[in-house]
Amino acid sequence: MTDTDSIPVAVNRDGLYTLAVPETFEAAGPFSAELHNHGEAAHVHLNLDDRLSEVARLRATNHYVESDETRQIEVQTRDPSTWPSDTVRGKLKVVVGHGRETRYIDVVLDRNEAKKRNVRVDPDLAKPKRDSEPEAPPVLRLLPVVVLGSVAVLLAVGALVAGDGINFVLGVLALVAAGLCAGVAYYLLG
């Protein structure tokens, strides 16, 4: 039984229009075919045999997969309580290159496995965890703000002392920048 309920299907991995699939696959209900194209773009056809079609269905059988693309193709199943037996066995047919390569996967759907898969959730998962990396001390977080604020104040004082029109405006802007740095510092400490 796989943990992910996904059948890996390697397309074009060993050359153009080649397929690599597992011989068997087991699931407790809905599953997917994970098509991964290792080469040129290709059409992949998926078909369920008559036995699997009694309990499962594909929305579409023809899937175009681009080069280096991975696509999940969902296979839906009916409610397991309506299956004709506890275990349904059938074949999933995988075709590439319009029939140039065909593989069959023996699929076993076991509704009893669904009962075994009841997952218990640890209540500790609901509690937030602290970051594993320690937080930098406030002095180190503030160092860039203090340096930039000091530079802004020095520029402002120099511009105000010079007293000429544009220097005065730059001095006022530098004081505003220093005020903003002080606000950021207050925020980071808070």
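The values are calculated or read from the model by the stated rules, or taken from the named source; none is laboratory data. As the structure is a computational prediction, the values presented were derived from the model and not from experiment. Cβ placement follows ideal geometry from the backbone for every residue including glycine, while neighbour counts extend to all protein chains displayed.
State yes or no: is Pro22 part of a loop (DSSP other than H, G, I, E, B) and out of contact with any strand residue (DSSP E or B) (no Cβ under 9 Å at 6 or more places or on another chain)? Let's see the steps before the verdict.
Working: part of a loop (DSSP other than H, G, I, E, B): yes; out of contact with any strand residue (DSSP E or B) (no Cβ under 9 Å at 6 or more places or on another chain): no.
Against the criterion (part of a loop (DSSP other than H, G, I, E, B) and out of contact with any strand residue (DSSP E or B) (no Cβ under 9 Å at 6 or more places or on another chain)), Pro22 does not qualify.
Of the helices (runs of 4 or more DSSP H) lying entirely inside the stretch 71-190, those carrying at least 2 residues that are of a type in the set (A, V, I, L, M) and modelled with pLDDT under 75 are 138-162, 165-189.
Take the conditions under 21 Å from Asp5 (Cβ atoms), touching a residue at least 24 places away in the same chain (Cβ under 8 Å), surrounded by 13 or more Cβ atoms within 10 Å (Cβ to Cβ) and more than 29 Å from the chain's Cα centre (by Cα) and apply them to Val65. Does it pass?
Working: under 21 Å from Asp5 (Cβ atoms): yes; touching a residue at least 24 places away in the same chain (Cβ under 8 Å): yes; surrounded by 13 or more Cβ atoms within 10 Å (Cβ to Cβ): yes; more than 29 Å from the chain's Cα centre (by Cα): no.
Answer is no for this residue.
Filtered by the rule that a residue be on the phi > 0 side of the Ramachandran plot and in contact (Cβ under 8 Å) with a residue 24 or more places away in the chain, the stretch 77-100 gives Gly97, His98. Asp3 passes every criterion in (1) modelled with pLDDT of 95 or more; (2) farther than 11 Å from Val75 by Cα apart from (1).
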